[in-house]
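Encoded as structure tokens, the structure appears first; notes follow it.
No lab work stands behind these numbers, since they all come straight from the coordinates. Keep in mind it's a predicted model, so treat the numbers as computed, not measured. All Cβ positions, glycine included, derive from the backbone under ideal geometry; neighbour counts span all protein chains shown.
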Amino acid sequence: MSLRPVKRLIKAKPTLEGAGVHLRRAFGFGNTSDFDPFLLLDDFRNDIPEDYLAGFPWHPHRGIETITYVLAGTVEHGDSMGNHGAIAAGDLQWMTAGRGIIHQEMPKGDVEGRMHGFQLWANLPSALKMTPPRYQEVKAAEIPEVTEDDGVRARIICGNFWGTRGPVDGIAADPVYLDVSVPPGRRKTLPVATRHHAFAYVFAGSGKFCNASGPLAVPTEGVKWADTSPPTEADNRSLVLFDSGDEVTVQAGEEGIRFLLVSGKPLEEPVAWYGPIVMNTQEQLQQAFEELREGTFLKES
């Protein structure tokens, strides 16, 4: 087995999106090749209603999938195909925009004013950029949770993990999307497909994602830090990008640690990206925006 070292540790940065929603962006809108097939991860946890209630009014998408996972509060959605509904705490919506959809997402806090969750964007391969749009909406009770003997828990949203398959299916990048909780002080090694790009996003507690298979000792004086690959501390709103290998190891801190563990098969295709539309060439991108202006963006089934 080969342990994946930590390639980069990033703190999510505050940004504004939609009609003025305050959120934190872990990655996105830049060179995202290290995260391929994923394009963006937003953390929209917020306890101040005036910072999120303006929401994300009607806007287009083409060429991507948006994955919304809610921890607290509710996101109401509607789209140009006539779909409408809401996802609440523990629910997930996996929207494949394909050839084009216009939709809105309007967050509503819970009784304590909390609106907590994440939105991940996944790229579509060129062969599926113009596929018909579709939704997979998964309620909390439909997401399997597996608990190991050592108390480590994983909600399996997508992919196969610990012998259990998540409810989301038919995704081109063969992703694995997990919500993992490790009890205080526990050290846990988790399998990750060798050919996948992988990252973790910490949203509760803290821990160390280990860089070496050896003990987690602090190097003694006189040993060069560069030669020892010390473990990396990661706390709330920390993004951990992993290098290649087939497993990751985490050492939970005093309060335990909870994180998203996401991996997917890289598409290794050119990316032409502007706002909510992601294609392979600038010509395709320009065509999409011309269609928006001309009213021909939405395609008939």
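Determine the gain in length on full extension of the stretch residue 131-residue 17; use 0.36 nm per residue of separation and subtract their C-alpha separation, reporting nm with one decimal.
Full extension of this stretch gives 38.4 nm more.
Could you go through segment 171-182 in sequence order and give the Karplus-derived ³J(HN,Hα) for each residue, using 6.51 cos²θ - 1.76 cosθ + 1.60 with θ = phi - 60°, rounded to whole Hz, and x for Gly and Pro?
9, 4, 7, 6, x, 10, 10, 10, 10, 10, 10, 10
Using 1/(1 + (r/R0)^6) with R0 = 25 angstrom and r between the beta carbons of residue 86 and residue 48, what's the FRET efficiency to the nearest 0.05? Spell out each step's value before the answer.
Details: r = 21 Å, r/R0 = 0.83.
That gives a FRET efficiency of 0.75.
Can you give me the long-range amide H partners of residue 116? Hydrogens built in the peptide plane at 1.01 Å from N, cutoff under 5 Å, separation of 5 or more residues or another chain.
Those lying under 5 Å, H to H, from residue 116 are 46, 71, 72, 73.
Check residue 38: other-chain or 5+ apart residues with amide H under 5 Å from its amide H, H built from backbone geometry?
Counting only residues 5 or more places away or on other chains, the set is 123.
Which stretch or stretches of segment 168-195 have amide N atoms under 14 Å from the point lying 7 Å from residue 269's Cα along the Cα→Cβ direction?
Those under the cut-off are 171-174.
Starting with the highest mean, order 58-70, 77-89 by the number of other Cβ atoms within 10 Å, averaged over the residues of each peptide.
Order by mean packing, descending: 58-70, 77-89.
Which of rounded, prolate, oblate describes segment 260-301, given a ≥ b ≥ c as roots of the alpha-carbon gyration tensor eigenvalues and a/c under 1.5 marking rounded, otherwise prolate only if a/b is larger than b/c?
Working: a/c = 2.63, a/b = 1.91, b/c = 1.38.
Judged from the Cα gyration tensor, segment 260-301 comes out prolate (a/c at least 1.5, a/b above b/c).
Could the peptides 287-297, 198-208 be put in order, highest first, of the mean number of other beta-carbon atoms found within 10 Å of their residues?
Numbers: 287-297: 13.7, 198-208: 22.2.
Final packing ranking: 198-208, 287-297.
List the aspartates and glutamates whose Cα sits under 15 Å from the Cα of residue 13, skipping any in the same chain fewer than 8 residues away.
Straight-distance partners of residue 13: 42, 43, 235.
To make sure I understand, if each residue's beta carbon is the centre and we count other beta carbons within 10 Å, what order do 197, 22 fall in, fewest to most? Let's see the in-between values first.
On the way: 197 25, 22 16.
Going from least to most buried by this count: 22, 197.
If the elastic network links every pair of Cα atoms under 10 Å, which of 43, 169, 91 fluctuates the most in the Gaussian network model of the chain?
Per the Cα network of the chain with a 10 Å cutoff, 169 tops the list.
Lys/Arg Cβ at +1, Asp/Glu Cβ at -1, dipole of the chain taken about the Cα centre: which of 274, 37, 15 is farthest positive-ward?
Working it through, the farthest residue towards the positive pole turns out to be 37.
Considering only 50, 283, 17, give the residue with the highest GNM mean-square fluctuation for the chain, with springs between Cα atoms whenever their separation is below 10 Å.
Looking only at 50, 283, 17, the largest GNM fluctuation is found for 283.
Over the chain, what is the relative contact order in whole percent, taking alpha-carbon pairs under 8 Å and six or more residues apart?
Across the chain, relative contact order equals 22 percent.
Taking the Cα atoms only, what angle lies between the long axis of helix 282-294 and the longest principal axis of the chain, rounded to 10 degrees?
Taking Cα atoms only, the helix is inclined about 40 degrees.
Just going by the charge dipole of the chain, with Lys and Arg at +1 and Asp and Glu at -1 on Cβ, which of 74, 95, 240 is farthest out on the positive end?
Comparing the listed Cα positions along the dipole, 240 ranks first.
Taking neighbour counts of Cβ atoms within 10 Å as a proxy for exposure, in what order, fewest first, do 298, 285 appear?
So the ranking, lowest neighbour count to highest, is 298, 285.
Pop out the ³J(HN,Hα) list for segment 10-24 in order, Karplus 6.51 cos²θ - 1.76 cosθ + 1.60 with θ = phi - 60°, rounded to Hz; leave Gly and Pro as x.
With coefficients 6.51, -1.76 and 1.60, one gets 10, 9, 4, 10, x, 7, 10, 9, x, 8, x, 7, 7, 8, 10 Hz.
Whole-Hz Karplus ³J(HN,Hα) for segment 252-269, in order, using 6.51 cos²θ - 1.76 cosθ + 1.60 and θ = phi - 60°, x for Gly and Pro?
For segment 252-269, the Karplus-derived couplings read 6, x, 5, 9, x, 8, 10, 8, 7, 10, 10, 9, x, 7, x, 7, 6, 10 Hz, x marking Gly and Pro.
So what's the convex hull volume per residue for the Cα atoms of the chain, in Å³?
Taking the convex hull of the Cα positions in the chain, it is 141 Å³ per residue.
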